[in-house]
Amino acid sequence: MIQLHRLEGFYWVAQTGGYSKAARAFPYPITQPAVHQQVKKLESELGRPLFERVGRDRMVLTPSGRQLFEFVAPFFEQLPAMVRALQSSQASGELRIETEALLIRHLLPSWLKRLRRRCPQIRIELREQPVPGVEALRSGEIDLVVAFLHETPRDIDTRRVGTLRPFIVIPANHRHAKKVRPTLRDFQKDTFISYNPGLLAYDLQMEALAQHELEPRQVLSASSAEAILGFVEAGLGFSIVPSLSRSGPKGRGVIARRLTAPQVEFPVVAAWRRSAWVHPLVEAALALAPKA
C-alpha cells in the first residue's frame with residue numbers, strides 16, 4: 001500500500017523541479033533529505049524511476065513519473081479549497097481572488113458587493129498582481145483569477161465578465177482634439193505616456209501599438225491610469241488607456257477617443273481550475289458575475 005506522504009513528496013518535487021525547492025514549497029516544515037527519502041521509497045515500491053536528474057537540483061519526470069503526476073496532481077491541487085469548503089458552508093468561508101489594479105478599481109467593487117449581500121459571512125482575500133496568471137490556481141493558493149489571459153490552458157475553465165477597450169487619450173487643447181476618429185498615426189510625433197513595464201495594462205498598450213505599427217519616438221511612464229491622465233492633462237503627451245466603459249476613461253482636461261481601424265478588444269475572464277468539484281464560493285461568485 002503506497003503511503004500518502006510519499007505521494008505528497010513526489011508531487012512537490014514534480015511541481016517545483018527539485019528537492020530543495022520542494023522542501024521550501026511544502027505546506028509544513030520538512031527537510032530536503034526527508035523529501036528525497038519519500039521519493040526514493042516510492043520509486044522502490046513502484047519498481048521504476050520517477051525522475052531523471054538533469055542538473056544539480058533539477059529533476060524532470062520520466063514517462064512513468066508523468067503518468068503518476070497526472071493522476072495525483074488534481075488531488076493535491078484541489079485539497080486546500082476542499083478543506084476550506086468543508087470548514088465552512090456555501091454562505092461563508094474564504095474566497096481568494098487574484099487580479100490586477102485596473103480591475104480592482106473598476107470591475108470588482110460592485111461584483112463583490114453583490115456577493116457580500118448573497119453571502120454575508122464570506123471572507124474575501126484580494127491579491128493584486130501586475131500580470132495575473134493561472135499558476136496560483138493550479139497550486140490551490142487562489143480560488144479565482146479575474147484577468148485578461150493571452151491563452152487559456154486546457155485545465156482551466158473561464159467565463160467572460162468584461163471587455164477592456166483601448167482609448168486614445170489626449171489633452172483637451174490638442175491639435176487633433178476635434179477629430180471624432182483619430183488614428184495613432186496622428187500622434188506619431190507626440191510623446192507617448194505608457195504604464196510602467198511589468199503591468200498588464202502596459203502589455204495591452206504595447207499590443208495595441210504593434211497592431212497599428214506605431215513606435216513612439218519618446219516615452220514617459222507612470223504606474224496608474226490616474227497618473228497617466230494627469231500627465232496627459234498637463235500636455236506632456238498622449239496615451240492609450242484600456243477601459244471597461246464604452247465611453248472611455250474620464251478626466252478633467254482630457255479627451256478620450258476609441259481606438260479603431262483596426263478595432264482592438266481584450267476579453268476579461270473569471271478563471272478557475274477545471275474539475276468535477278467546484279468551490280461553492282466560486283460558484284456563488286460566478287452566479288453574480290457581471291454580464292459581458
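Tell me whether region 182-189 contains one or more residues that are among the β-branched types (Val, Ile, Thr), closer than 16 Å to Ala292 by Cβ and in contact (Cβ under 8 Å) with a residue 60 or more places away in the chain. So far as region 182-189 goes, no, none of its residues is among the β-branched types (Val, Ile, Thr), closer than 16 Å to Ala292 by Cβ and in contact (Cβ under 8 Å) with a residue 60 or more places away in the chain.
So which residues in region 145-185 are in contact with a His (Cβ under 8 Å, 6 or more places away or on another chain) and closer than 24 Å to Leu199 by Cβ, if there are any at all?
Of everything in region 145-185, those that are in contact with a His (Cβ under 8 Å, 6 or more places away or on another chain) and closer than 24 Å to Leu199 by Cβ turn out to be Ile170, Leu184.
So which strands (runs of 3 or more DSSP E) stay within region 34-153 end to end and still have 3 or more residues that are assigned by TED's automatic domain parsing to the domain that holds Tyr19 and under 26 Å from Tyr11 (Cβ atoms)?
On the way: elements: 51-55, 58-61, 92-99, 121-128, 144-147.
Filter on region 34-153 gives 51-55, 58-61.
Residues in region 271-292 that are part of a loop (DSSP other than H, G, I, E, B), of a type in the set (D, E, K, R) and within 17 Å of Pro80 (Cβ to Cβ): Arg274 alone.
Does Tyr19 satisfy being buried (at least 17 other Cβ atoms within 10 Å of the Cβ), farther than 17 Å from Leu79 by Cα and among the hydroxyl-bearing types (Ser, Thr, Tyr)?
Numbers: buried (at least 17 other Cβ atoms within 10 Å of the Cβ): yes; farther than 17 Å from Leu79 by Cα: yes; among the hydroxyl-bearing types (Ser, Thr, Tyr): yes.
Considered against the rule, which asks whether it is buried (at least 17 other Cβ atoms within 10 Å of the Cβ), farther than 17 Å from Leu79 by Cα and among the hydroxyl-bearing types (Ser, Thr, Tyr), Tyr19 comes out as yes.
Looking across region 1-33, the residues that are part of a loop (DSSP other than H, G, I, E, B) and in contact with a strand residue (DSSP E or B) (Cβ under 8 Å, 6 or more places away or on another chain) come down to Gly17, Gly18. Screening the candidates Asp190, Asp186 for the property of being among the acidic types (Asp, Glu) and either in contact with a Gly (Cβ under 6 Å, 6 or more places away or on another chain) or assigned to a loop (DSSP other than H, G, I, E, B) (or both) yields one hit, Asp190. When the criteria are applied in full, Pro197 fails the requirement of being modelled with pLDDT of 85 or more and buried (at least 20 other Cβ atoms within 10 Å of the Cβ).
Residue by residue, here is whether (1) of a type in the set (A, V, I, L, M, F, W, C); (2) surrounded by fewer than 16 Cβ atoms within 10 Å (Cβ to Cβ); (3) within 21 Å of Val83 (Cβ to Cβ) holds:
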| site | (1), (2), (3) |
| --- | --- |
| Arg6 | no, no, yes |
| Phe10 | yes, no, yes |
| Ala14 | yes, no, no |
| Tyr28 | no, yes, yes |
| Gln38 | no, no, no |
| Glu45 | no, yes, no |
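You will find that of Val232, Val268, the residue that is within 19 Å of Leu102 (Cα to Cα), at pLDDT 85 or above and either assigned to a strand (DSSP E or B) or among the basic types (Lys, Arg) (or both) is Val268 and no other.
The single condition among (1) within 26 Å of Ala222 (Cα to Cα); (2) in the same structural domain as Ser243 (by TED's automatic domain parsing); (3) at pLDDT below 90 that Val169 does not meet is (3). Of the candidates Pro262, Pro249, the single residue that is under 23 Å from the mean Cα position of the chain (by Cα), at pLDDT below 90, assigned to a loop (DSSP other than H, G, I, E, B) and not acidic (Asp, Glu) is Pro249.
Annotation: of all residues in region 134-174 being free of Cβ contacts under 8 Å to residues at least 24 places away in the same chain and under 14 Å from Ala270 (Cα atoms), the one that is surrounded by the fewest Cβ atoms within 10 Å (Cβ to Cβ) is Glu151. Got at least one residue in region 84-95 being within 22 Å of the chain's Cα centre (by Cα) and modelled with pLDDT of 90 or more? Yes: region 84-95 contains one or more residues that are within 22 Å of the chain's Cα centre (by Cα) and modelled with pLDDT of 90 or more.
The values are calculated or read from the model by the stated rules, or taken from the named source; none is laboratory data. Not measured: the values here are computed from a predicted model. Because the Cβ atoms are built from the backbone with ideal geometry, glycine has one as well, and the counts that use them run over all protein chains shown.
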